[in-house]
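Asks: I have a structure here, written as structure tokens, and I will follow up with some questions on it.
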Amino acid sequence: MAGSRSTCRSTCAPGTPVPPSGAGGAPATISRSASSSEGTDDAPYDERQYEALADLVAALQRAYPSLAEGWIAGHADIAPGRKTDPGPAFDWRQLERAVRARGAAFRREVLA
């Protein structure tokens, strides 16, 4: 439903609002290249992907200010054993620099 708000049902505090469906920022949703297939966790990410993800994080924090108080985690962090992305090739420090360069907050959470 457009414009509806949902709440987190996995690892965040009960009742924590989350953006509407489709506003997720999972790095693995950013295609690595036209020839690569989904599920490749060890393929390098390129600069454009970090920049696009940083833009998304900053835009989501502007639209949903409470997100700036939250943590940034990968699928592997919240569903270990079931999800592996973004994988060992993902450079979290590079993403942090890009996010902070946009004046947005970056707090990394590793739950596993």
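No value in this document is a laboratory result; all are computed from the given coordinates. As the structure is a computational prediction, the values presented were derived from the model and not from experiment. In this analysis, Cβ positions are derived from the backbone assuming ideal geometry, glycine residues included, and neighbour counts consider all displayed protein chains.
Asks: Let's test the formula: R0 of 25 Å, r as the Cβ-Cβ distance of residue 41 and residue 97. What FRET efficiency results, to the nearest 0.05?
Replies: 0.70
Asks: What does the C-alpha gyration tensor say about the overall shape of the range 41-112? Classify as rounded when a/c is under 1.5, otherwise prolate if a/b is larger than b/c, or oblate.
Replies: oblate
Asks: Taking 0.36 nm per residue of sequence separation and subtracting the Cα-Cα distance, how much length would be gained by fully extending the chain between residue 48 and residue 79, in nm to one decimal?
Replies: Once the chain is fully extended between residue 48 and residue 79, it gains 8.5 nm.
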